[in-house]
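Below is one structure; the comments refer to it alone.
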Amino acid sequence: MYAIVEIAGQQFKVERGNKVYVHRLDANEGAKVEFDKVFLIENDGKISIGSPTVDGAKVAATVIEHLKGDKVIVFKKKRRKGYQKWNNHRQFLTQILIQGILNKGETVKEELTAEKAVRKTLSPSQRNPVVKTEEVVEKKAPAKKAAAKKASKKTEA
C-alpha cells in the first residue's frame, strides 16, 4: 500500500515504515503529524485517485528529528569579465517516519518506532545474522610474473 501525498509543498510517494526528509515542519521532535492532501492511494491493486484529493484520506507520521541538509555550493562566473560569485546553502530539513495511510474513519493500529521501521526493511538474514565460527584461509600461489622476475634476477647475477 502506498500513497502520493503533499507535504510542505512537495509531493512524495510514501509507504508505512518509510523515513522521509521534508522541508522543515513546525512540530517538535516526537510529535505526531497528519497530512490530509492525499492525491492517490494504492491498496492491493485497487487505486483511488482524488479530484484533487481523496476524501477523508490522511497520512499519519511522527517527527524523528530536525536537521540541516548537505552543503550546496553556488558558484557563478562570467569568463573574461573578472566576475566570480561564491555562495553556499544548507537546507533546513525534518525527518519523518510514516506511521500509516488512513482512509476515512481509520486510525493508526500500531505505533512504529524508528528501530522497528529499520528492522522491517531488512531481509530476514540481515535481521538475525549468522556468525560463522570457522574461517577457511587459503594460501595463494605466488604470481607467475613475480616468480619470473626472481628467476631472471638469479640468472643475471
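The values are calculated or read from the model by the stated rules, or taken from the named source; none is laboratory data. Worth saying up front: this structure is predicted, and the values here are computed from it rather than measured. Neighbour counts run over all protein chains shown; Cβ positions are idealised from the backbone, glycine included.
Structural remarks
For every residue, the table says whether it meets (1) aromatic (Phe, Trp, Tyr); (2) more than 14 Å from residue 5 (Cβ to Cβ); (3) out of contact with any Phe, Trp or Tyr (no Cβ under 9 Å at 6 or more places or on another chain).
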position	(1), (2), (3)
19	no, yes, yes
22	no, no, no
27	no, yes, yes
38	no, no, yes
46	no, yes, yes
61	no, no, no
68	no, yes, no
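- Residue that is surrounded by the most Cβ atoms within 10 Å (Cβ to Cβ) [pool: residues in the range 23-33 that are closer than 15 Å to residue 108 by Cα and touching a residue at least 40 places away in the same chain (Cβ under 8 Å)]: 33
- When the range 23-36 is filtered for residues that are more than 10 Å from residue 96 (Cα to Cα) and outside any loop (DSSP other than H, G, I, E, B), the ones remaining, listed by number, are 23, 34, 35.
- Members of the range 37-51 that are assigned to a loop (DSSP other than H, G, I, E, B) and surrounded by 14 or more Cβ atoms within 10 Å (Cβ to Cβ): 37, 50
- Of all residue pairs spaced 6 or more apart or on separate chains, none has beta-carbon atoms under 8 Å together with a first member in the range 1-22 that is within 19 Å of residue 110 (Cα to Cα) and free of Cβ contacts under 8 Å to residues at least 24 places away in the same chain and a second member that is of a type in the set (A, V, I, L, M) and part of a strand (DSSP E or B).
- Answer residue from the range 78-96, given it is in contact with a Phe, Trp or Tyr (Cβ under 7 Å, 6 or more places away or on another chain) and among the hydrophobic types (A, V, I, L, M, F, W, C) and is surrounded by the fewest Cβ atoms within 10 Å (Cβ to Cβ) among those: 86
- The listed residues are 5, 14, 20, 54, and the only one of them that is buried (at least 17 other Cβ atoms within 10 Å of the Cβ) and not in a strand (DSSP E or B) turns out to be 54.
- Residue pairs meeting the criteria (Cβ under 8 Å; at least 6 apart or on separate chains; first of a type in the set (Asp, Glu), in the range 61-89; second assigned to a strand (DSSP E or B) and modelled with pLDDT of 95 or more): 65/94; 65/95; 70/90
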